[in-house]
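**Student:** Provided herewith is a single structure, encoded as structure tokens, for subsequent inquiry.
Just so it is clear, none of the values below were taken in a lab; they were calculated from the coordinates. The structure presented is a predicted model; accordingly, all values stated were derived computationally and were not measured. Backbone-built Cβ (ideal geometry, glycine too); neighbour counts: all protein chains shown.
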Amino acid sequence: MQGIDIQETLWAMHAGVMGATAPEWLFLVAICGLAALALLLRAGRHRRARARDVVLLDGSNIMYWRGGTPDIATLRAVIAQVAAQGLTPGVVFDANAGYKLEGRYLGHAALARRLDLPPQRVIVVNRGEVADGLLLRAARDYRARVVSNDRFRDWAEDFPEVARPGFLIAGRFRDDALELDIA
């Protein structure tokens with residue numbers, strides 16, 4: 001079996017392209033342009049679809065929904081219901097969430113493991129940082145809705161979307177059954 005001479009093959013391809021006539025070049029350029037346009041449109045459509053599917057959870061709020069005591073199982077139930085509806089959950093926590101749940105600091109990776117989520121979908125804000133602002137900025141950036149019983153009235157001037165119907169998704173446990181107001 002003879003080996004393939006890569007350099008010779010590349011030179012032959014180059015000569016074939018370089019020897020093309022003007023109409024052949026125009027045809028080649030038109031095909032490449034159409035292919036590039038199709039890829040751009042497809043990528044834009046995919047990005048918009050993914051952005052609509054993201055729902056951010058106010059972890060420090062949701063963990064109190066069942067019985068008023070912080071509980072990671074409450075968050076897992078909300079994540080499961082959100083995911084069952086074809087949505088992609090992300091969770092934002094105050095810095096003290098680990099102390100509330102387990103009496104010690106838990107970073108994003110530790111909380112992600114407890115929630116069975118990829119670490120990039122869990123954020124624990126730095127001590128002294130306000131989680132609400134980061135949560136609302138991320139929701140704006142991802143064009144996501146927010147699951148929380150907080151109405152974010154203090155943030156309405158900077159984030160008027162909190163008053164838009166459907167932006168905030170409230171929830172509760174009634175007779176140990178989760179109810180989310182997803183429209």
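**Student:** Could you list which residues have their amide H under 5 Å from that of Val124, counting only those 5 or more apart in sequence or on another chain, with H placed in the peptide plane?
**Tutor:** Residues meeting the criterion, in which the H sits 1.01 Å from N, are Phe93, His108.
**Student:** Here is a follow-up. Where does segment 53-180 land on the Kirkwood hydrodynamic radius, alpha-carbon pairs, in angstrom? Could the numbers behind the result be given before it?
**Tutor:** Working: mean 1/r = 0.0686 Å⁻¹.
After inverting the pairwise mean of 1/r, the radius is 14.6 Å.
**Student:** Highest mean first, how do 176-182, 104-110, 58-64 rank when packing is the count of other Cβ atoms within 10 Å averaged over residues? Provide the component values of the computation, followed by the final result.
**Tutor:** Values: 176-182: 12.3, 104-110: 15.3, 58-64: 22.6.
In descending order of packing, they fall as 58-64, 104-110, 176-182.
**Student:** Determine, for each peptide in 164-171, 87-94, the mean count of other beta carbons within 10 angstrom over its residues, then list the peptides with the highest first. Write out the running numbers ahead of the final one.
**Tutor:** Working: 164-171: 14.9, 87-94: 22.8.
Final packing ranking: 87-94, 164-171.
**Student:** Which ordering of Val130, Val147 is given by a fewest-first count of other beta-carbon atoms within 10 Å?
**Tutor:** Working: Val130 13, Val147 26.
The fewest-first ordering by Cβ neighbours comes to Val130, Val147.
**Student:** For segment 88-104 and segment 145-183, compute the distance between their C-alpha centroids and round to whole Å.
**Tutor:** 18
**Student:** Pairs of alpha-carbon atoms within less than 8 angstrom and 6+ residues apart define the contacts here; what relative contact order does segment 53-180 have, in percent?
**Tutor:** Numbers: 199 pairs, mean separation 34.6, N = 128.
Rounded, it is 27 percent for segment 53-180.
**Student:** What does a probe at Leu180 reach in segment 151-169, counting residues whose amide N is under 19 Å from the point 7 Å along Cα→Cβ?
**Tutor:** 151-152, 162, 164-169
**Student:** Now a separate question. Add +1 for every Lys or Arg and -1 for every Asp or Glu among the other residues with Cβ under 14 Å from the Cβ of Ile123, and state the total.
**Tutor:** -2
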